[in-house]
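Everything below concerns the one structure shown next.
The values are calculated or read from the model by the stated rules, or taken from the named source; none is laboratory data. Quick caveat: nothing in here was measured; it's all calculated off a predicted structure. Glycine also receives a Cβ, built like all others from the backbone with ideal geometry; neighbour counts cover every protein chain displayed. For the accessible areas, the whole protein counts, side chains as well, though only heavy atoms, and no ligand, DNA or RNA atoms are used. Shrake-Rupley method; radii C 1.70, N 1.55, O 1.52, S 1.80 Å.
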Amino acid sequence: MADRPSLGISKRKQPRQARSSDLVSAILQAAAQVLAQVGTRGFTTARVAERAGVSIGSLYQYFPNKAAILFQLQSDEWRDTSARLAAILETRGTPPGERLRAAVHAFVRSECEEAAMRRALDDAAPDYRDAPEAAEPQLAGSRVFRDFLREALPGTAEPDRLRAGEIIAMTLGEVGERISEQACTEETLQDYADALADMLCAYLERLRRDDPAAAPG
């Protein structure tokens, strides 16, 4: 069955009961399996519905088209990663440099674990990249670093903090993706993550030395 014409990428309705939530979870789990098996070219709503064991009509109650499903997979991944980083960076009793180092290691490991799925979703990105809904989950990652740097650099001007956050986030994203594209042993992954953490922590330390209100450490 051909996919319906694009009607946007937002869910048609939000699940409000446990049964509905289970249905959406089953659809997304099936979608991840179909995506891993056939890639974006063979990805259709009909295949997802068949794998999930639901009718195509039930699927369309929540997702208007395949782009909506792919976007939900991508936004869930963005939010999960942001939440993982936030849990590390918000640990106030730990020095900022140690938190950033731990966040870099967690991010690189996440990128490697999700590399195959991310490549498939990257291929599908043109289906939803320009949609207004795509901005919010990506901003979640930026907010994580913005909040961290507001604490770590309390005396730095807000525009300078924002720029620093963008530099850290962009470097982490670009380099982390490159690392994940290689077949890394555990030792190599640790070496790459250490090197990336060394670089970003040195940048953070330089910023803190220039911040008149930053606490030592």
Being more than 17 Å from ASP76 (Cα to Cα) and modelled with pLDDT under 95, is that true of even one residue in region 19-28?
-> yes
List the number of the failed condition for PHE43; all other conditions in (1) assigned to a loop (DSSP other than H, G, I, E, B); (2) open to solvent by 10 Å² or more (accessible area, probe 1.4 Å) hold.
-> (2)
Does THR156 satisfy the criteria of being outside any helix (DSSP H, G or I) and hydroxyl-bearing (Ser, Thr, Tyr)?
-> yes
By residue number, the members of region 158-176 that are more than 11 Å from VAL108 (Cα to Cα) and either touching a residue at least 24 places away in the same chain (Cβ under 8 Å) or open to solvent by 50 Å² or more (accessible area, probe 1.4 Å) (or both) are GLU158, PRO159, ASP160, LEU162, ARG163, ALA164, GLU166, ILE167, ILE168, ALA169, MET170, THR171
Could you please give the count of residues in region 177-216 that are open to solvent by 60 Å² or more (accessible area, probe 1.4 Å), farther than 20 Å from ALA157 by Cβ and either among the aromatic types (Phe, Trp, Tyr) or assigned to a loop (DSSP other than H, G, I, E, B) (or both)?
-> 6
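Conditions tested, residue by residue: (1) open to solvent by 50 Å² or more (accessible area, probe 1.4 Å); (2) at positive phi.
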site	(1), (2)
GLN29	yes, no
GLN33	yes, no
GLY39	no, yes
ARG51	yes, no
VAL54	no, no
GLY57	no, no
Which one of these is modelled with pLDDT of 85 or more, out of contact with any strand residue (DSSP E or B) (no Cβ under 6 Å at 6 or more places or on another chain) and of a type outside the set (Gly, Ala, Ser): CYS201, CYS184?
-> CYS201
Show the residue pairs that are 6+ apart or on different chains and have beta-carbon atoms under 7 Å apart, the first residue being within region 136-148 and among the β-branched types (Val, Ile, Thr) and assigned to a helix (DSSP H, G or I), the second being open to solvent by less than 60 Å² (accessible area, probe 1.4 Å) and at pLDDT 70 or above.
-> VAL144/SER82; VAL144/LEU85; VAL144/ALA86; VAL144/LEU89
Starting from residues that are at pLDDT below 90 and more than 14 Å from GLY173 (Cα to Cα), keep the ones in region 85-116 and report whichever is most open to solvent (accessible area, probe 1.4 Å).
-> ARG92
Over region 55-68, the set of residues modelled with pLDDT under 90 and assigned to a helix (DSSP H, G or I) is LYS66, ALA67, ALA68
